[in-house]
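The values are calculated or read from the model by the stated rules, or taken from the named source; none is laboratory data. Please read all numbers here as calculations on a predicted model, not as lab measurements. With ideal geometry, Cβ positions are generated from the backbone for all residues, glycine too; neighbour counts draw on all protein chains shown.
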Amino acid sequence: MRLKTIQLKNFKRFHELTINLGDEPKKIVALVGPNGSGKSSVFDAFEESSNNFYGGQHQAAFASKSFYLPGGTKEYSKSEAVKITPASGTLEKKSFYIRTAYRYTSSLGIDAIRKIPLAVDESRPGSSIQLDSRAQKNYERLMGSFIEEVFDKDKTGKEWATEKLGVLNGILERVLDIRISNLGNITEDRGQLWFEKGTSKDFPYMNLSSGEKEVMDIVLDLIIKTKEFNDTVFCIDEPELHLNTAIQRKLLIEIEKLIPENSQLWVATHSVGFLRALQRDLKDKTAVIDFTMQDFDNPIVLKPIRGTRKDWERIFQTALEDLTGLMAPEVIIYCEGTPESSPSGDEQGLDADVYNEIFFEEYNQALFVSSGGGGAMQKNALLALKVLNKAFKDVQLLLLKDRDTLSDEQRDQFLGEDFSNKMLKRHEIENYLFDKEILKKYCASYSTTFDEARYDSKVTDINLQDLKPVQDDIKVSCGATGAVADFKRELAKFISKDTAVYKDLKFVIF
């Protein structure tokens, strides 16, 4: 089960909110924003939808925005307030599985083995503000599965315990520095999980730190529940609770592995560790919905962010506040073009804007910076390289020059054996932007006719010709209006990973 659209009308803090995830929703959906921005309210809407199968609905005083508006009605219609459209299939009882931010089970302790069906969720919280204490029941389910999987079967009890410990410890060791040493023994009044850490052996669950319990709770829950909740939207509100940044990142990677491929994981977060995992480790599987600075008193349509560096700077600002400036890219590429610090103009920073647009998805940890042209560029770049090499030891610094009129031999001389020197194979960036492959994609998108005859009369060598004198004609051949600089920035959006132009640029630079 993956969701396609969510429409909320006068629900909680939203006047009219639509979240549109497109026709092929990603496996992970991250709701990102500061406290109070409305992330948890979306999960309350999912809980309200689940009430169609569990019975009941939220009270108007909790669910309806109209309840608190001057002159607003005290009535509440769930069917009008919450509309959810899955990408395929229909919603049912097991469509949602929700964990609130208030997860806390201080200790475990059982004195009998009993069967607890997975679909029976006695500890299910009714809203995002309620306590979520499922660890005890999940431990009971784990131990109850012993009878089911061992009694009258070929598997021995030792084999069963080794198998379960292998799965649990495999995850715990990748996230924390603890291991489960023993699953417990009810007949010896040891009906809880036992752990080892460093030189400490066989200590009980209750002695774990809050963060360790947090990880153990989520991991055990998903291992147990995904057996039956295998076509489900899993929602975890603030999974980073009590966890440091490094553990957050590792935990999200493991959570994603536990979620079935046909299911979906929704997380509400504003933590650095989770954002780093979403940005880098899980970027191809993730849709990020930005709740920052939204006016939910008006109709709002939210779609996944595109993932440019500016998008991520805005997202990280929520987590880091005034520390955002300390975030450094992994690669800085100095390219030609008028620097942004120069007097204003249409082409100010254009080359850098184009490169950043083209590579934002695959290389969102790379930052292109315009640094002048010719000798000025090399002088500016070399000065910056000296400064940045001292400030950021882990930042890779590259120098990207236009080819201009250089011969193949001259180009090879510049490149030499220094990996930090890069040079385009074509005259300059316009020779990539004005490639027929890209212009035809642009025209198809804007439903204009590409005047190929006019183009061919002006462009005789796409690789080495200086195209700036004929760029107005190229723009007209595409039926485009407005400034040429805007046209070029727009063309950059059509140099996607499946184009030959993208592959050529990628090979030259990276």
Inset, instruction - Could you tell me whether any residue of segment 16-25 is of a type outside the set (D, E), crowded, with 16+ Cβ neighbours inside 10 Å and modelled with pLDDT under 90? - result: no
Inset, instruction - Taking the residues in segment 411-448 that are exposed (fewer than 13 other Cβ atoms within 10 Å of the Cβ) and among the small types (G, A, S) as candidates, determine which candidate is farthest from Y334 (Cα to Cα). - result: S447
Inset, instruction - Filter segment 74-101 down to residues that are among the small types (G, A, S) and closer than 30 Å to E214 by Cβ and give me whichever is surrounded by the fewest Cβ atoms within 10 Å (Cβ to Cβ). - result: A101
Inset, instruction - With the condition kept exactly as written, say whether any residue in segment 453-462 is closer than 20 Å to V354 by Cα and assigned by TED's automatic domain parsing to the domain that holds L350. - result: yes
Legend entry - Selected residue (only one of K283, K227 is basic (K, R), surrounded by fewer than 18 Cβ atoms within 10 Å (Cβ to Cβ) and within 18 Å of the chain's Cα centre (by Cα)): K283
Legend entry - Selection count, segment 160-191, where residues are surrounded by fewer than 12 Cβ atoms within 10 Å (Cβ to Cβ) and in contact (Cβ under 8 Å) with a residue 12 or more places away in the chain: 2
Legend entry - Condition met for D44 (under 27 Å from I315 (Cα atoms) and within 18 Å of the chain's Cα centre (by Cα)): no
Legend entry - Residue check for F368: closer than 26 Å to T269 by Cα and modelled with pLDDT of 85 or more: no
Legend entry - Residue among T5, T105, T73, T18 that alone is among the polar types (S, T, N, Q), over 21 Å from D132 (Cβ atoms) and in a loop (DSSP other than H, G, I, E, B): T73
Inset, instruction - With the condition kept exactly as written, say whether any residue in segment 66-73 is free of Cβ contacts under 8 Å to residues at least 60 places away in the same chain, under 26 Å from N20 (Cβ atoms) and buried (at least 17 other Cβ atoms within 10 Å of the Cβ). - result: yes
Inset, instruction - Those residues that are aliphatic (A, V, I, L, M), more than 18 Å from R280 (Cα to Cα) and at pLDDT 90 or above, I need them from segment 234-268; list them, please. - result: I236, L258, I259
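For (1) modelled with pLDDT of 90 or more; (2) over 30 Å from Q59 (Cβ atoms); (3) of a type in the set (S, T, N, Q); (4) not assigned by TED's automatic domain parsing to the domain that holds S37, each residue gets a yes or a no:
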| residue | (1), (2), (3), (4) |
| --- | --- |
| D111 | no, yes, no, no |
| L165 | yes, yes, no, no |
| D177 | no, yes, no, no |
| N182 | yes, yes, yes, no |
| E188 | no, yes, no, no |
| F195 | yes, yes, no, no |
| T199 | yes, yes, yes, no |
Inset, instruction - Provide a single number: the residues in segment 76-91 that are touching a helix residue (DSSP H, G or I) at 6+ places or on another chain (Cβ under 8 Å) and assigned to a loop (DSSP other than H, G, I, E, B). - result: 2
Inset, instruction - Tell me the helices (runs of 4 or more DSSP H) entirely within segment 429-510 that contain at least 1 residues that are touching a residue at least 60 places away in the same chain (Cβ under 8 Å) and touching a Gly at 6+ places or on another chain (Cβ under 7 Å). - result: none
Legend entry - Hits in segment 452-510 (condition: of a type in the set (S, T, N, Q) and within 15 Å of D435 (Cβ to Cβ)): T460, N463, Q465, Q471, S477, S496, T499
Inset, instruction - Name every residue in segment 61-88 that is within 14 Å of G126 (Cα to Cα) and among the small types (G, A, S), in order of residue number. - result: A63
Inset, instruction - Output yes when any residue across segment 430-447 is basic (K, R) and more than 39 Å from the chain's Cα centre (by Cα), and no when none is. - result: no
Legend entry - Residues that are under 9 Å from P204 (Cβ atoms) and of a type in the set (A, V, I, L, M), drawn from segment 180-194: L193
Inset, instruction - Could you list all residues from segment 181-212 that are touching a strand residue (DSSP E or B) at 6+ places or on another chain (Cβ under 6 Å) and either within 20 Å of K257 (Cβ to Cβ) or among the small types (G, A, S) (or both)? - result: S181, G184
Inset, instruction - Can you confirm whether segment 95-102 contains a residue that is closer than 30 Å to R190 by Cα and free of Cβ contacts under 8 Å to residues at least 40 places away in the same chain? - result: yes
Inset, instruction - Consider only pairs whose beta carbons are under 6 Å apart and that are at least six residues apart or on different chains; among these, list those whose first residue lies in segment 1-23 and is within 22 Å of T286 (Cβ to Cβ) and whose second residue is of a type outside the set (G, A, S) and assigned to a loop (DSSP other than H, G, I, E, B). - result: M1/D231; M1/T232; R2/P25; K4/L21; K4/P25; N20/K303
Legend entry - Residue identified as touching a strand residue (DSSP E or B) at 6+ places or on another chain (Cβ under 6 Å) and aromatic (F, W, Y) among F62, F43, F53: F43
Legend entry - Members of segment 462-478 that are in contact with a Lys or Arg (Cβ under 6 Å, 6 or more places away or on another chain) and surrounded by fewer than 18 Cβ atoms within 10 Å (Cβ to Cβ): N463, D473
Legend entry - Matching residues, segment 297-313, being in a loop (DSSP other than H, G, I, E, B) and surrounded by 15 or more Cβ atoms within 10 Å (Cβ to Cβ): P304, I305, G307, T308
Inset, instruction - For residues that are closer than 18 Å to E75 by Cα and of a type outside the set (S, T, N, Q), tally how many sit in segment 49-64. - result: 6
